[in-house]
Every structure is written in structure tokens, then in C-alpha cells.
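Presented below is the structure to which this report refers.
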Amino acid sequence: MNKAILNKIFRTALIGANPKKCISESIRLENNHIKIENDSYDLNKINKIFIISFGKSSIPMSEAISKILKNKIYRGLVISNDIPKNKIKRFSYIKSSHPVPNKNSLQAGEKTIKLLNSTKPDDLVIFLISGGGSSLMAVPKKGISLKQKQELSNKLLRSGLDIKIINFIRKKISSIKGGQLLNHSNSLNICNIVISDVIDGKFSDIASGPTVKNKKNDLKLEKAIKGTTFFKSLSLSIQNIILKEATPYKRNHKVKNYMIGNNGIALSFAKAKADELGYKTILYSSKVQGEASLIGKKIAKRALNIAAREKKSVCLIFGGESTVKVKGNGVGGRNMELALSFAIGISGKKKIHGLFAGTDGIDGNTNSAGAYCDSKTVIKASAMGIDAKSFLKNNDSYNFFRELKSLKITGNTGCNVNDIGIILIDF
């Protein structure tokens with residue numbers, strides 16, 4: 001298995017979407033003005049600057065902006081799934097929970113509201129937003145307990161529902177998501193600096209958009225939700241909360257949104273590296289979504305078709321975020337599930353190698369980012385008495401790849417721009 005080359009390409013993708021790099025290339029301080037893209041914030045007209053950073057990339061994002069703005073920052077709050085060794089002065093930190101919220105998530109929500117309540121109309125609040133914030137900072141709607149919120153979160157993760165439906169439900173059962181956090185800010189100047197983990201890149205969907213004004217209820221999504229077995233399994237009281245009209249905005253905030261990092265950037269860096277290594281590189285898509293096992297099967301067919309017609313080594317790269325409808329009782333994640341399905345699809349064929357991993361270093365509720373596989377993976381497993389199809393059916397991809405020593409372990413990367421698939425077709 002060509003792990004070395006797969007690792008080089010994946011590592012380069014992470015460098016491309018590195019949060020510190022994204023911040024340092026997007027924000028600058030010139031002549032007492034904060035410059036972001038084509039906009040300029042005159043600090044002579046700003047009273048105090050507050051930084052609120054939440055999501056899986058919140059630590060590196062806050063560290064990067066603090067080096068740019070330095071003592072211009074009055075106060076900061078960082079909400080993450082970790083605590084850094086070196087803390088920034090005037091910043092407070094909360095270690096919260098992902099992917100299911102806990103008491104710390106509620107504390108994070110309460111502290112954020114308290115900080116926003118302390119702001120004045122002429123202050124500037126800069127939100128540093130990345131994926132994972134939906135769980136890390138939570139304030140459930142009145143009538144929903146923390147236990148109910150946790151149960152709903154777990155059910156959503158295992159539901160296999162379209163991510164748009166999942167995000168819609170998350171917003172409706174929250175008191176701060178979907179722009180509702182804005183109601184707690186006395187400051188009228190809101191700046192959202194975002195690294196996206198959402199396929200279509202909608203600001204309102206990243207971390208469930210707590211500081212992005214939402215339009216009225218999406219009637220198409222409501223109709224789609226009503227027809228799901230998931231919705232029908234909920235209590236009547238929670239169904240009513242989900243279908244209730246959105247909370248109106250109380251203040252006329254000036255909100256500016258800036259996208260500084262996403263999956264597309266990571267893929268472009270991955271492609272450049274594959275080109276450099278001598279591969280004919282095909283960028284398949286940055287918007288791959290759907291059931292992981294079906295995507296694995298589809299991508300396997302694509303790889304085999306390429307192998308049949310090409311005479312030069314090819315690197316096929318894609319990004320996105322699949323889902324898994326959990327039916328078994330195994331351990332796994334969407335990337336490992338996709339990898340196992342792909343391995344079954346290419347078994348015994350030509351020299352095909354793959355790496356499927358989450359850019360954040362976490363796949364499902366495991367310590368793995370994803371998995372490696374090749375055309376010999378299933379054959380090797382069979383020789384060990386391991387039936388690949390049985391493991392796939394039981395949603396037990398983690399244990400399958402653990403037995404084959406083919407897990408991709410990265411630890412927390414600090415990056416979070418969806419998932420990446422890298423396939424090498426060698427000749």
C-alpha cells in the first residue's frame with residue numbers, strides 16, 4: 001500500500017486549509033484599520049474589540065488573530081474541544097463537548113450570552129467560526145432538557161438524514177442557533193470570520209449559524225422533515241418546537257460575513273502536490289454527499305473505469321461529507337465506512353490505493369481520522385478470517401481497519417474543512 005504518497009498529499013491538503021494560515025492571509029492591521037478582504041474597520045470609530053471563537057479550529061484561529069490585533073483586543077472567549085498550553089492574555093477558555101453537547105456546552109452558551117450582554121453599540125464583535133460549534137456551544141429551546149438535547153443529537157448522528165435537514169433541526173431546537181445569538185448582542189457591529197465545514201458553504205449552516213440572520217422557515221425542508229421516520233419518532237412537543245416560526249430579530253445589527261477557508265482550498269493544495277509527484281490528477285468534486293457505503297461503491301467504479309482506460313498513474317481526489325444510517329452495533333465513522341465499501345468494490349483489481357479521512361482528525365466517535373485501503377485489503381482480511389461485507393453491514397468499519405492496522409491516526413489537527421478522499425491508480 002502506498003501510504004507514504006497518500007500521506008504527503010493529505011498533509012499538504014491540511015497545510016492549505018490551516019486555520020492560522022487562513023487568518024494571517026485574510027486579515028491585516030494597517031493605520032489603525034482592520035482590513036478584511038475589501039472591507040476596512042476604522043478603529044478610531046470603534047470603542048472595544050471582542051473576540052468570540054468557537055468550533056474545532058477555534059484555538060488556532062484565536063491565536064492567529066491575537067498576533068495581528070494584539071492589545072487592540074479588549075476581551076476574548078475561546079470555546080473548543082481542547083485547552084491550549086499557552087493561553088492568550090485577556091482570553092478565557094471553555095473545554096466543551098463534540099459531537100454531542102454536555103454541561104460544558106451549556107456553560108459555553110451562557111458565557112457567550114453574558115459577554116455579548118456586556119458589549120456597547122459602538123463595540124466590534126469578531127466571531128471566529130468553524131465546524132463543530134453547533135455542539136460545543138448550546139442553549140436548548142425552552143421545553144428541551146439537556147438530556148433530551150443529547151438524545152436528539154445522538155439520533156441525528158445515526159439517522160443518515162441529509163445534512164441540510166440535520167442543520168435545520170439543530171437550529172429549531174436551539175435558542176441561539178440560526179442567528180438567534182444576535183439578539184443578545186448590544187454591539188451592533190458583527191464580523192463573522194468563517195472556516196467552512198459545510199458542502200455548499202452557506203454561512204447560515206456553518207456551526208448552525210448562530211450569528212447569521214436566517215430567513216423565515218424553509219417550507220420545502222419542513223415538508224421533507226415531516227415525511228421522515230425520524231420526525232415521526234419524536235414527541236409531539238418537540239415536533240411542535242421544530243415547526244414553530246423562527247424567533248424575530250430585536251436589533252438592527254450590521255453583520256458582515258467572510259469565508260476564509262473551505263474544502264475547495266484543501267483540495268487545490270492536494271491536487272498541486274499530486275501533480276508535483278508526477279500523477280495525472282483528477283479533481284472529482286468538493287461536494288460529494290450521501291450514504292457513505294453507496295459513495296464508496298460509486299467511487300470504486302469510477303476508479304476501475306479510470307484504471308481501464310489510462311496508461312499513466314492517476315490520482316483521483318474528492319471532498320465533501322457523507323452520512324451513515326446506522327443499523328448495526330459496530331464502531332465506525334463515515335470515512336471508514338466509505339473506505340470499507342470502496343475496498344470491497346476494488347478488491348482483487350489493479351494497483352489501486354485509497355485514503356479517506358476527516359480533515360479534523362476525527363471520524364465518528366473514534367480516535368481515527370479515517371482509513372487506508374487498497375485492492376488487496378479485502379483479500380488480506382479474508383485470509384485473517386475477517387469478512388468485509390459482514391463488518392460493513394454491522395457498521396463496524398473501525399474494528400475492521402484496526403485489525404488490518406490500516407487506520408489513519410492523526411490526532412486533533414486543528415483543521416476542519418469536511419472530508420477528503422485520495423485515490424492512487426498506479427501503473
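The values are calculated or read from the model by the stated rules, or taken from the named source; none is laboratory data. Model, not experiment: these values are computed from the prediction. Because the Cβ atoms are built from the backbone with ideal geometry, glycine has one as well, and the counts that use them run over all protein chains shown.
Residues of the range 330-351 that are in contact with a Cys (Cβ under 9 Å, 6 or more places away or on another chain), over 27 Å from residue 100 (Cβ atoms) and either in contact (Cβ under 8 Å) with a residue 60 or more places away in the chain or of a type in the set (Phe, Trp, Tyr) (or both): 342 alone.
For the criterion of being surrounded by 20 or more Cβ atoms within 10 Å (Cβ to Cβ), in contact (Cβ under 8 Å) with a residue 60 or more places away in the chain, closer than 24 Å to residue 151 by Cβ and of a type outside the set (A, V, I, L, M), residue 237 fails. If the condition is being over 19 Å from residue 335 (Cβ atoms) and among the hydroxyl-bearing types (Ser, Thr, Tyr), then the range 1-25 contributes only 24. Among the candidates 209, 296, 227, the residue that is at negative phi and in the same structural domain as residue 186 (by TED's automatic domain parsing) is uniquely 227.
For the range 322-339, filtered to residues that are charged (D, E, K, R) and modelled with pLDDT under 95, the residue that is nearest to residue 263 (Cα to Cα) is 325.
Within the range 72-87, the set of residues being under 16 Å from residue 415 (Cβ atoms) and at pLDDT below 95 comprises 81, 82.
When residue 155 is tested against (1) outside any helix (DSSP H, G or I); (2) more than 27 Å from residue 255 (Cβ to Cβ); (3) touching a residue at least 24 places away in the same chain (Cβ under 8 Å), exactly one condition is not met: (1). When 280, 325 are checked against the criterion of being touching a residue at least 12 places away in the same chain (Cβ under 8 Å) and either farther than 23 Å from residue 200 by Cα or buried (at least 23 other Cβ atoms within 10 Å of the Cβ) (or both), a single residue qualifies: 280.
Per the listing 169, 190, 176, 225, the residue uniquely more than 18 Å from residue 108 (Cβ to Cβ), among the β-branched types (Val, Ile, Thr) and not in a helix (DSSP H, G or I) is 190.
Restricting the first member to the range 259-273 and to residues that are outside the structural domain of residue 196 (by TED's automatic domain parsing), and the second to residues that are modelled with pLDDT of 95 or more and of a type in the set (Lys, Arg), the beta-carbon pairs closer than 8 Å and six or more apart or on different chains are 273/8. If you go through the range 409-423 one residue at a time, do you hit one that is among the aliphatic types (A, V, I, L, M), in a loop (DSSP other than H, G, I, E, B) and touching a helix residue (DSSP H, G or I) at 6+ places or on another chain (Cβ under 7 Å)? Yes, the conditions are met somewhere in the range 409-423. Determine if the range 203-212 includes at least one residue that is of a type in the set (Ser, Thr, Tyr) and in contact (Cβ under 8 Å) with a residue 60 or more places away in the chain. Scanning the range 203-212 turns up at least one residue that is of a type in the set (Ser, Thr, Tyr) and in contact (Cβ under 8 Å) with a residue 60 or more places away in the chain. Taken over the range 117-134, the criterion of being surrounded by 24 or more Cβ atoms within 10 Å (Cβ to Cβ) and part of a helix (DSSP H, G or I) is satisfied by 133, 134.
Scanning the range 353-389 for residues being among the small types (Gly, Ala, Ser) and buried (at least 24 other Cβ atoms within 10 Å of the Cβ) gives a total of 7.
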